[in-house]
Each structure stands twice: as structure tokens, then as C-alpha cells.
Amino acid sequence: MESDPKTADSTLNQDPQAVVVKREQDRDLVTWTAPARPFKRYGRKFYVSVFSIVGIISIILFIAEGFMPVALLISLVFLFYVLSTVPPEDVEYKVTNKGIKIAGKETPWANIARFWIAQKSGSDVLMFDTFSFPGRVQLVVGSGLKDKLKKEISAYVPYEEVPPSTLDKVANWVIKKLPESD
């Protein structure tokens, strides 16, 4: 019986071959320690203004909708108050050849769409858009690391600044209108 030339070269008729996968060693590119989130202290005038505005909005919401929207608004203001009065802890950030590590938790480069550097609450913040939850990761950048981070991360993910959304613009406008300090 003659063999068909098409099936003679087929790998289906051969014994399985071992596949060697060479794994690249995990290498730290940039490491720094910084606060876990951007932080800015506000003065007494700021809080008095915020609580006054929230009080007026709460009265209007209570008359129109009842207690639940007021409870939600009060809980959000309480969260904002706590986050702006309790300073964040310092966290170790690492940019590696495999991804980014925040306090030991790694996000691989395959889950990151783009990055850019922005200003938030007086701090430089490295922003990543991700394909998985939470969608956006923010890292507070240490002093003098912006150029080095741009160079190292650009090898894996594109640098692309995202314009602020409408909600970001409204929030920034409101905060600029409120008094900053005593």
C-alpha cells in the first residue's frame, strides 16, 4: 500500500514531542514607596461650605423623594470626610517586566490598555486603564520618577492621555468654587 504524500509529512502520525517553555525571570524595573492614594487636607471653611450645601440639597431631596436619597447623600459626604481627614498609608509600588505590583498584588501587562500621568490633589498620579475590574488603577508617583516611568512602561503599554470626562470636569469646577482653607 502506498502512502499519500500529504499524510506522510503530517505531525499527527508522529510521536508527541516535548515542548520547552522558557519563562522569563521576574525583573523589577522601577520601585518606589508612596501614599496609597492622593491626599489633600481641607480647612474648616471648606467643610462648612460642603455641609451647608449638602444640608440644603438634603432638605430638597427629603421633600421630593423621602429619606433614602438623603441617607445616600449623607453616607457619601461621610466617606469623603473620612478619606480627606485620615492620611493614607505608604505602599510599595513596583513596575516589573511582567506588570505592575501594588502592595504585592500584580496586574499583568495583558490586562492594561494604556497609561498616562495626571495631577490629583497636588500629587502626580500614574493612571492605568485596565480591561478588568476596577477599570482604572491610580498610583501616586514619587518625586522625580515621571520620565523614568514613562520610558519603562512605554515598552509594554502605549502612553495615551485620556481627556477628563464630563463628571470629572463638573467635580473639578465645583471643588474650585469651594474655599480651600481657613
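Every number here is computed from the coordinates shown, using simple stated rules; none is lab data. Because the structure is predicted, anything quoted here is derived from the model rather than measured. Here the Cβ is made from the backbone with ideal geometry for all residues, glycine too, and neighbour counts use every protein chain on show.
List of remarks:
- Intensity falloff of the range 29-103 expressed as log10 I(q)/I(0), Debye formula with alpha-carbon point scatterers, at q = 0.14, 0.19, 0.21 Å⁻¹: -0.63, -0.82, -0.90
- Intensity falloff of the range 1-150 expressed as log10 I(q)/I(0), Debye formula with alpha-carbon point scatterers, at q = 0.12, 0.13, 0.16, 0.17 Å⁻¹: -0.74, -0.81, -0.99, -1.03
- By the count of other C-beta atoms within 10 Å, a proxy for reagent exposure, 133, 78 are ordered fewest to most as 133, 78.
- Among 153, 117, 59: highest mean-square fluctuation, GNM of the chain, C-alpha pairs under 10 Å: 59
- Over 25 Å (Cα to Cα) - which of 148/176; 40/177; 45/176 fall in this group: 148/176
- Exposed GluC sites (Glu not before Pro) absent - longest run of the chain, DSSP non-H/G/I/E/B, at most 14 other C-beta within 10 Å: 90-159
- Among 54, 19, 157, the largest mean-square fluctuation in a Gaussian network model of the chain, built with springs joining Cα atoms closer than 10 Å, belongs to 19.
- 3J(HN,Hα) from dihedral phi, the range 101-112, Karplus parametrisation 6.51/-1.76/1.60, rounded to Hz, x for glycine, proline: 10, 10, 6, x, 8, 9, 10, x, 4, 5, 8, 10
- Residues whose amide H falls under 5 Å from that of residue 30, counting only those 5 or more places apart or on a different chain, are 95, with hydrogens built in the peptide plane.
- Shown for the chain are the DSSP H helices of 20 Å or more along their axis, judged by Cα atoms, with a mean Kyte-Doolittle hydropathy of at least 1.0: 44-65, 67-85.
- With the helix formula -39500 (n - 2.57) applied to DSSP H stretches of n ≥ 4, the chain reaches a computed 222 nm mean residue ellipticity of -11500 deg cm²/dmol.
- Nearest-0.05 FRET efficiency for residue 60 and residue 120, computed from C-beta distance (R0 25 Å): 0.25
- Largest GNM mean-square fluctuation among 101, 120, 45, using the chain with Cα springs under 10 Å: 45.
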